[in-house]
Each structure stands twice: as structure tokens, then as C-alpha cells.
Amino acid sequence: MCSPSTLAISCPEHARLESEFQEARDRMRNLMRLRKLSPSEERQLADRVAMAIARLKEHLAEHRCQRW
């Protein structure tokens, strides 16, 4: 089984997708801390996080490599 750091080194696409997820998650967290989001803003940010997770899971499934 591969560690996340090994995956990132061996697969640039995995590293990019992991970074995309972290950026979407962090953006949502930071904006929620700064102010009250409208329902549409919150839904849009949640959708971005969910899509980033889905792309990462799809990539992992295609490469048959698990994070854990």
C-alpha cells in the first residue's frame, strides 16, 4: 500500500487532485469563519469540495492504489 507522500511523488495527477481538494476545503472553511454565507454560496463551495473528492476517488480507483 502507498502512503500519500509516495503517491504524490509517483503520480503528479494524484498530487494535483489532492491539492485541488485541500484548496477547495480550506477556501470553504476560511470563508465560513469570516462571514455568514448565503445558502447559494455555501452550496456552491460544498459542491466544489464534493467534486474534488469525487475526482480524487475516481483517480484512485483507476490506478488501483489506496491511500491507506
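Working only within segment 27-46, note down all residues that are exposed (fewer than 12 other Cβ atoms within 10 Å of the Cβ) and in a helix (DSSP H, G or I).
30, 33, 34, 39, 40, 43 - these are the residues of segment 27-46 that are exposed (fewer than 12 other Cβ atoms within 10 Å of the Cβ) and in a helix (DSSP H, G or I).
Does residue 24 fit the bill of being surrounded by fewer than 13 Cβ atoms within 10 Å (Cβ to Cβ), out of contact with any Pro (no Cβ under 6 Å at 6 or more places or on another chain) and modelled with pLDDT of 95 or more?
Judged against the criteria, residue 24 is not a match.
Can you tell me how many residues in segment 47-68 are touching a helix residue (DSSP H, G or I) at 6+ places or on another chain (Cβ under 7 Å) and assigned to a helix (DSSP H, G or I)? Talk me through it step by step, then tell me what you get.
Of segment 47-68, the ones touching a helix residue (DSSP H, G or I) at 6+ places or on another chain (Cβ under 7 Å) are 48-49, 52-53, 55-56, 59, 65-67.
Within this subset, residues satisfying the condition of being assigned to a helix (DSSP H, G or I) are 48-49, 52-53, 55-56, 59.
Result for segment 47-68: 7.
The values are calculated or read from the model by the stated rules, or taken from the named source; none is laboratory data. Since the structure is predicted, the reported quantities are computational estimates derived from the model, not experimental observations. Cβ coordinates were reconstructed from backbone atoms using ideal geometry, including for glycine residues, and neighbour counts include every protein chain displayed.
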